[in-house]
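The values are calculated or read from the model by the stated rules, or taken from the named source; none is laboratory data. Just so we're clear, the structure is a prediction, and the values are computed from it rather than from any experiment. Quick reminder, even Gly has a Cβ in these numbers, built from the backbone with ideal geometry, and neighbours come from all protein chains shown.
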Amino acid sequence: MSREGYQIPTAQSSAPGASSTQVSRADDNMGTTMTYMCGDCGFKFPLKRQDNIRCIECGCRVLYKERTKRMVQFEAR
Amino acid sequence: MAPTATSTEWDHEFHTLRREKLFREPPTDRSAYPLLQIAVNPHIESFDALFEPDGLIARGLADIDTRTFLDGDEKASPVGRNRVSIRYKNVQLQKAQLPPANKFAIKNRDILPAECRERHVTYRGKLSATFEYRINDDDPKEFTREIGQLPIMVKSKYCHIRNSSPAQLVAQKEESEELGGYFIVNGIEKIIRLLLVNRRNFPLAIYRPSFQNRGPTYTPHGIIMRSVRPDETSQTNVLHYLSDGNVTFRFSWRKNEYLVPVMMVLKALVETNDREIFEGLVGSPNSKGIQNTFLTDRVELLLRTYKTYGLYTMAQTRAYLGEKFRPVLGVSDTLSNFEVGTEFLRKIVLVHLGNVNVTEEQDSDKFRMILLMIRKLYALVAGDCAVDNPDAVQNQEILLGGFLYGMIIKERLDELLSTGLRLSLREYLQKFPGRSFTSQEFGKDFPIRIFQKTNENIGNGLEYFMSTGNLSSPSGLDLQQVSGFTVVAEKLNFLRFISHFRMVHRGSFFAQLKTTTVRKLLPESWGFLCPVHTPDGSPCGLLNHLAHKCKIMTKSVDASAIPQLAAELGVVSTSSAATDESVVVMLNGKILGWCSPAESRRLADTFRYWKVEGSHGVPLHLEIGYVPASKGGSYPGIYMSSEPARMVRPTKYLPLEKEDFIGPLEQPYMSIACTEPEITSGESTHVEFDPTNILSILANMTPFSDFNQSPRNMYQCQMGKQTMGTPGASLRYRTDNKMYRIQTGQTPIVRSPLHNAYGFDNFPNGFNAVVAVISYTGYDMDDAMIINKSAHERGFGHGTIYKVKKITLKEENRTKSTKNVTKLFGFAPTSLVKAWSRKTLDDDGLPIIGTMIQEGDTLCAWHTVSADYSGNLVNRDGQTHYEKYKDSEVGFVEEVRVIGSELGSEPAQTISIKLRIPRSPVIGDKFSSRHGQKGVMSQKWPAIDMPFSESGIQPDIIINPHAFPSRMTIGMFVESLAGKAGAMHGLAQDSTPFRFDEENTAGDYFGHQLKMAGYNYHGNEPMYSGITGEELAADIYVGVVYYQRLRHMVNDKYQVRTTGPVVATTGQPIKGRKRGGGIRVGEMERDALLAHGTAFLLQDRLMNCSDYSRSWICRKCGSFLSIQPTASPFVGKKKTVNTVRCRNCATRLDHMEDVDVTKITGEIWEDGQGNQWVGGEDTTLVAVPGALKYLDVELAAMGIKLKYRVNPKDAPRKGHLLQTTWDALRSGVKTNGTQPALVAA
């Protein structure tokens, strides 16, 4: 992806990376949805905070968090 | 045309394309590296043997037999009471499956090993037992109960990945060459160590001085027989020789020892008479044995002394034994004394000869075996036969992990019936006194309610055993240790991992032994235990490794034809005590008969021929331990064995030019040529297939190890296992706490064919480096090495550590984990989310993958929740808690795993975070070649300043020539030559040891290759200084050597401290690098500092940086303990210097008679209670070690008072400063002998 093509992902409430704002508010009771990947079938699906941990396709009990779409940058020395 | 099967033939070449293909398309038929699986198989096969139809557990159940319980009054006689008898019908194990409560997984309900690793749980399957019981003489009824979840060995018959091809294994998230052989307990891979134990069913002649401690007249002579039941549990029987010529039979039962006159056992076994026993021991009246007066005297005495018991018939003796051993054996009250005596013989005496449904013939086998043991004992005492060495492999066998596992299961099952059920029944009968066994309620309650009360979770007990390695057993399982049975199969690198399975331990009991005899390398070990591969230090010689061709039998081979054949070859049942007349022929500890020594040799040779030929029903793996008759040597005979747990190894049988398997008992009496040229005609019967067969897998990986001094090869075996290598290819699915990985792994240029056969190219362990042997900068002194900075920058030796942090919100509860969810991951819904926490955390409160984590960064966020009226989980306090990253090293979040429960009905409660920590080589990191030449990297030298050769080659590594003369690692020189030639010609060099000799030297072979490549024949090259550009005066030895990076890195080692955490009691620094503790300045360090006269340093280390503390002390009574601060009624809690008083020296005002306040000298002070005191003013502040005060307090608690003499010279003196000259001071000392300052004062 070119640098121009990079988009700041529009997360639900507060845009991440907006570090200028000192404080952001966590979301309503249900929590934000994030997508996770099934450890067995590789199916990607959203999950809320209180949801039971299992793949909705195959019932697998291990889920992987996806790699962030945010820009990850650090000094490589 | 069918696709050809994956080839399993390997030579030493690189096979780059073939390996590439194996990687890209893992074979779907079989592994290309069968040797790896064979190396691990003993573990798997021993586990498989457990739950087969006629498996070890089934046989164990037969030994447990039926248990009978009575109802009614316990003290009443058994007559008229109802009885319930119960026995195990069978025990079944299931594969790992999801519990039926989980309704969400539809397609696949199997739990694979990889899931257990990822979820940090145990790989286990449901264990259930079917019981059969009958009340009085009713029809038997059956019921089945689940008795817990049993940890299952990976790749055993009860494992899902048992028959997976490499391609399937990859799909199942395993290594393509997954070997199994271990258990997964809480996500950690554990294996049961192989243990060396005494050879089974073989009478060992022992001389052990500690035998004398058994009692008066006991001598050090004894015969030990470790008798093994069909279910692989063992019972050791010992015969002791008493100084008066008597013999006692000793055994241990439930950790207690019992002694029985051997005559009593003999008379109990069969209906016999004194003449039969006499002739059985000495021989028939016309035999030579009768002339042995030493023997006849003692046998006579044996028979005479037994008369005092007045027991003559078998029935009498058994009843007598039964009466004595009834409480010990814990048998049912319904049995008569005679039956208990029979049970005693069944369970304890020579159990290998008859353990269940003992027939009369089996009893007579036992009888004859005991006679042989007595005969051997008398021969030992007379000096006719030598003692057997219990530390030699000859007299040892291996206790396999699966068998030990089975032993524990059997014992737990036994306990469940005998102890558990008895207690539960008693409790039930106490609760419902009216109910008898025949009542209806009992019939209903028995299978359910009563069993629920027992501790029937056998799986849990086994899981505890696997995770701790501790054996909690009432009988001790005839083993000498209770802990250390399991070890973690560390996947630091593949060499270490595979070594775990080939590891054989002598037992932790021997580790405490002061003598070194058990540790000695004995010639008997040849070909069975590797002479090279043992650690140095405390486990040296106790922790051995199997030679790579050594195989462990896990099944009995069919030897049913042997007794008949032996009889046909002239074995008779009559014998004599004279071993030059008749020697014993035994099979599996059963006496087949006797023959003359000459016949015995012919017999052994014939059997051997048939065995290798495969004819006459003599199995190839039968061990024919032919011990020839000798004068004062080992007790002669033919000891054949077809049973499991033996070590065997392949050799070539010369008469047939075929493979023969030989065991450790027969080997010392055979002539096996090491190489073809060493065969002596008429003497050698066998020849080794390859001299390298004696080495372990790891020792075989050392190139040209025959050129090295032997300890160096040992060091390499150690360092190979500490190398930062490649643990495997399925790193993505592994969750080991710590994993090391090298980024730049290469295949060695110099390797043996076994490197390929074992597939070590799948797990590279190091890198080929250009090594120059030169003293160049001075930074290569004392085993330091210099690394080319440019090589370093290109990634030379770069490594990574993966750490896994498991974060769980569940309260770890020992008993039952709480069902309720009290915490959830994520930010509390109503809380303010601080920006600093969002630096590393995502919306879900879990770390962002790929982000950099430093010390103090947040790893995850969580908050408390509780259920509201509708069952929703609500956060009420609005507080977000954070878990922090505490390590001081920078890491990167590699993976975040959200782990659900087995039932799939729980929100996120556990996560496991894998962090990647880059470890590029830094100064102080350790490297080593494959020849025990380790060194510390001391400098990264700029490439421009490195020396260079005429072809422009710069070394990657510079090592000092002084590393060689004393260590004599010529193999490293040869590797350097071979590596260089191989690199130039693009060849893989075969480095198998024992391939070169004096005529065809390695130096010549590789020298010529170098010459062909245009290099110096000797491997030296002219080199130029990188700094001046001048040619160096000497030619430099440069070559290519395979280097390993060891896991010891300075970053994990450095430890500094001035102040920090201290132990609360003493005030001294705590131990441990992790906690910021100090390194002890011990006695020897203190001595060194003292010797140097560095008083200030000593003061600093021992006092100021340790437990320096200031304390008040009373000068007068010299105590720390009696001082107390005064309390002023006016000032409050203000503390000033002069307000500490000695309570002991002070007098309390209200205790003084006729107090006149005006006449009191000194200040009146008040303690905390408002009491007024006077005096005790002579206190002062001193600096003392905190430990001293602690000691004082401890001693005071014991009623010991410490009194410190405080020198009056440094008492505070009031008044102006005294001016004195130096001379005045000197004269003052002379005149008074006291301190001048005082004199002046």
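Being assigned to a helix (DSSP H, G or I) and over 15 Å from B:D706 (Cβ atoms) is the filter here; which residues of region B:984-1005 pass it? The answer is B:M984, B:H985, B:D1004. Scanning region A:25-39 for residues that are more than 8 Å from chain B (Cβ to nearest Cβ) and at pLDDT 85 or above gives A:T35, A:M37, A:C38.
Return yes when B:D478 is over 30 Å from B:T516 (Cβ atoms) and either more than 19 Å from the chain's Cα centre (by Cα) or touching a residue at least 12 places away in the same chain (Cβ under 8 Å) (or both) and no when it is not. No; evaluated as a whole, the condition is false for this residue. Tell me, please, whether a residue that is surrounded by 15 or more Cβ atoms within 10 Å (Cβ to Cβ) and modelled with pLDDT of 70 or more can be found in region B:1203-1220. Among the residues of region B:1203-1220, at least one is surrounded by 15 or more Cβ atoms within 10 Å (Cβ to Cβ) and modelled with pLDDT of 70 or more, which makes the answer yes. When B:G952 is tested against (1) touching a residue at least 60 places away in the same chain (Cβ under 8 Å); (2) of a type outside the set (S, T, N, Q); (3) assigned to a loop (DSSP other than H, G, I, E, B), only condition (1) is not met.
Across region B:6-40, the number of residues qualifying as surrounded by fewer than 14 Cβ atoms within 10 Å (Cβ to Cβ) and in contact with a helix residue (DSSP H, G or I) (Cβ under 6 Å, 6 or more places away or on another chain) comes to 3.
Can you find a residue that is under 38 Å from the mean Cα position of the chain (by Cα), of a type in the set (A, V, I, L, M), more than 14 Å from every other protein chain (Cβ to nearest Cβ) and on the phi < 0 side of the Ramachandran plot anywhere in region B:787-809? Yes, region B:787-809 contains at least one residue that is under 38 Å from the mean Cα position of the chain (by Cα), of a type in the set (A, V, I, L, M), more than 14 Å from every other protein chain (Cβ to nearest Cβ) and on the phi < 0 side of the Ramachandran plot. Counting only strands (runs of 3 or more DSSP E) that fall entirely inside region B:1138-1191 and contain at least 3 residues that are in contact with a strand residue (DSSP E or B) (Cβ under 9 Å, 6 or more places away or on another chain) and without any contact (Cβ under 8 Å) to a residue 24 or more places away in the chain, no element qualifies. The C-beta contact set for region B:879-902 (first residue at the interface with another protein chain (Cβ under 8 Å from one of its Cβ atoms), second residue acidic (D, E), distance under 7 angstrom, 6+ apart or interchain) comprises B:R897/B:E118; B:G900/B:E906. Residues in region B:824-838 that are within 18 Å of B:T851 (Cα to Cα) and aromatic (F, W, Y): B:W836 only.
Any idea which residue in region A:40-56 is farthest from the chain's Cα centre (by Cα), counting only those that are among the charged types (D, E, K, R) and within 7 Å of chain B (Cβ to nearest Cβ)? Ranking the candidates gives A:R54 first.
Taken together, the residues in region B:499-534 that are within 13 Å of the chain's Cα centre (by Cα), part of a loop (DSSP other than H, G, I, E, B) and of a type outside the set (G, A, S) amount to 2. The sole residue among B:G924, B:G935 that is away from every other protein chain (no Cβ under 11 Å) and part of a strand (DSSP E or B) is B:G935. Kindly check whether there is at least one residue in region B:638-660 that is within 34 Å of the chain's Cα centre (by Cα) and over 24 Å from B:A39 (Cβ atoms). Yes: region B:638-660 contains one or more residues that are within 34 Å of the chain's Cα centre (by Cα) and over 24 Å from B:A39 (Cβ atoms). Among the conditions (1) surrounded by 19 or more Cβ atoms within 10 Å (Cβ to Cβ); (2) farther than 18 Å from B:I374 by Cα, B:P597 misses just one, which is (1). Selection over region B:855-866 of residues that are modelled with pLDDT under 90 and within 11 Å of chain A (Cβ to nearest Cβ) gives a count of 1. If you go through region B:93-150 and pick out every residue that is touching a Phe, Trp or Tyr at 6+ places or on another chain (Cβ under 9 Å) and charged (D, E, K, R), you end up with 9. Within the option set B:A171, B:A114, B:A101, being in contact (Cβ under 8 Å) with a residue 40 or more places away in the chain, surrounded by fewer than 15 Cβ atoms within 10 Å (Cβ to Cβ) and closer than 30 Å to B:E906 by Cβ holds for one residue only, B:A101. Of all the criteria given as (1) at pLDDT below 90; (2) in a helix (DSSP H, G or I), the one not satisfied by B:P433 is (2).
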